[in-house]
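A short reminder: the numbers here are calculations on the coordinates, not readings from a lab. What you are looking at is a predicted structure, and each value in this text was computed from that prediction instead of being measured. Quick reminder, even Gly has a Cβ in these numbers, built from the backbone with ideal geometry, and neighbours come from all protein chains shown.
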Amino acid sequence: MNSQQWIAKGDKYIMKTYGRYPLVPVRGEGCYLWDADGKRYLDFLAGVAVNNLGHCHPKVVAALQKQAAELIHCSNYYHIPTQIELAELLCNNSFADRAFFCNSGAEANEAAIKLARKYSREKFGPERYQIITAISSFHGRTMATVSATGQEKVQKFFDPLLHGFVHVPFNDADALRQAVTPATCAIMLEPIQGEGGVVVPDAEYFRQVRQICDDNNLLLIFDEVQVGIGRTGKLFAHEHFGVTPDIMTLAKALAGGAPIGTMLAKEELAEFFGPGTHGSTFGGNPLVTAAGVAAIRTILEEGILNHAEEIGEYLVGELEGLKRKFPVITEVRGIGLMIGAELSIPGGEIVKKALERGVLLNVTHDSVLRFVPPLIVGKKEVDEMIGILAGILAEI
Ligand code: PMP
């Protein structure tokens with residue numbers, strides 16, 4: 001079937017929860033995708049920061065193929081070697097002591113919320129349950145994570161939301177301090193807001209947040225679902241800010257494109273999740289955790305973090321060049337390959353035109369072009385994208 005035929009059939013059978021672009025990807029390799037008509041696209045979206053190693057990285061593919069032939073699923077009643085290996089890799093490369101595995105970012109955040117509440121209640125008393133999050137944050141689409149999310153458009157229609165979430169402005173330590181009450185148990189933040197428009201906080205912000213947590217016996221939860229796994233040029237984005245959380249959530253890029261989520265915590269907290277407290281049938285299954293081990297090893301062993309940092313600086317420089325030529329770009333910001341270009345107009349038209357010209361871009365928060373290409377992207381691909389974007393900007 002060609003693209004048009006797929007789109008017609010999809011319009012009939014798929015729920016319309018996404019405003020989908022007219023693209024039917026059927027194959028991917030590195031920074032490129034091919035559609036059902038054989039047209040090639042340069043991918044600067046990477047599944048929204050999922051395909052950090054590019055599409056179908058050979059080591060991830062090999063791990064999936066080998067594991068699929070051996071064992072795809074059994075049960076978390078047993079010990080899963082690939083799950084144990086991935087947990088060890090993540091703990092050895094972070095502040096954390098233990099991992100809980102699930103299947104998505106929202107589920108990882110659900111686990112974090114439940115652990116924070118259980119720990120705080122049992123340790124400090126039943127009145128401790130509130131979690132402070134940020135306005136414009138995004139934490140997922142399940143009921144608890146919708147309640148945690150600081151965006152009305154995500155929450156409307158789904159009342160009543162879960163009780164016990166308080167939203168304060170991001171990058172404002174004073175607002176956070178004032179929001180703390182005897183009911184507060186945790187502060188949950190993205191190190192860089194993704195869906196909120198690629199918002200990078202001041203260097204001092206997280207040091208103050210950590211201090212507020214320490215002064216009030218609060219847990220600090222970092223949602224690294226979008227910015228973790230090398231996206232910013234470090235394995236975890238919070239490393240840039242010199243603070244460590246008590247809990248961290250990961251998903252998207254953790255298994256090279258396979259669906260996975262994890263919630264990592266220090267031992268003092270992890271011990272509050274005993275048998276029967278939380279679970280997930282598919283969480284940490286052999287297939288995805290084998291892919292996760294391959295993905296993390298590749299990122300750590302093949303210089304991908306340094307490359308992401310360098311090529312990110314190059315891309316920011318090129319975007320700054322476009323900003324000087326085209327006043328419609330008002331700001332370029334980001335760390336590593338988590339980059340946003342704020343526009344003075346909605347960005348939808350630019351994304352549509354780029355797609356027609358074979359480049360996948362994305363707009364978030366209405367007017368922020370988000371550049372989250374595979375971390376393996378080279379100067380050649382950056383130049384190709386910048387050339388096409390410059391052509392579009394010259395037309396509008
Ligand atoms: N947290 C953040 C910061 C995210 O960006 C996302 C996804 N955009 C999620 C959570 C939810 O992840 P998932 O879609 O895998 O549930």
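DSSP beta bridges fully contained in segment 59-302 are about 40 percent antiparallel. Need one word for segment 176-263: rounded, prolate or oblate. Basis is the Cα gyration tensor (sqrt eigenvalues a ≥ b ≥ c); a/c below 1.5 gives rounded, then a/b vs b/c decides. The shape class here is prolate.
Over 23 Å between C-alpha atoms is what I'm after, so list which of 59/234; 325/379; 156/266 land there. List each step's numbers first, then the result.
On the way: 59/234 21 Å; 325/379 20 Å; 156/266 35 Å.
156/266, as the Cα separations exceed 23 Å there.
When segment 144-296 is described by a simple charge dipole with +1 on each Lys and Arg Cβ and -1 on each Asp and Glu Cβ, the residue from 147, 281, 263 located farthest towards its positive end is 281. Basic side chains Lys and Arg get +1 at the Cβ, acidic Asp and Glu get -1 at the Cβ, and with that the dipole of the chain about its Cα centre reaches some 960 debye.
Only loop residues by DSSP count here, and only those with at most 13 other Cβ atoms within 10 Å; note down the chymotrypsin sites (Phe, Trp or Tyr not before Pro) in segment 93-202 that meet that. Can you show the working numbers first?
Working: sites: 95, 100, 101, 119, 124, 129, 138, 157, 158, 165, 170; in loops: 95, 129, 138, 157, 158, 170.
Loop-located and lightly packed - 157, 158.
Highest mobility in the GNM of the chain, judged by mean-square fluctuation with C-alpha springs under 10 Å and restricted to 247, 212, 187, is found for 212. Among 325-336, 267-278, the peptide with the highest mean count of other Cβ atoms within 10 Å heads the list, and the full ranking is 325-336, 267-278. Can you list which of the trypsin sites (Lys or Arg not before Pro) found in segment 1-35 are DSSP loop residues with at most 15 other C-beta atoms within 10 Å? For trypsin sites (Lys or Arg not before Pro) across segment 1-35 that sit outside H, G, I, E and B with at most 15 neighbouring Cβ atoms in 10 Å, the list reads 16, 20. Taking only Cα atoms, what is the 0 to 90° angle, nearest 10, from helix 304-325's long axis to the longest principal axis of the chain? Tilt of helix 304-325: around 60 degrees. Separation of segment 195-250 and segment 1-43, taken as the distance between their Cα centroids, equals 35 angstrom. Across all C-alpha atoms in the chain, the radius of gyration and Dmax reach 20.9, 61 Å.
Under a Gaussian network description of the chain, with springs only between Cα atoms under 10 Å, the residue in 73, 167, 139 that fluctuates furthest is 73.
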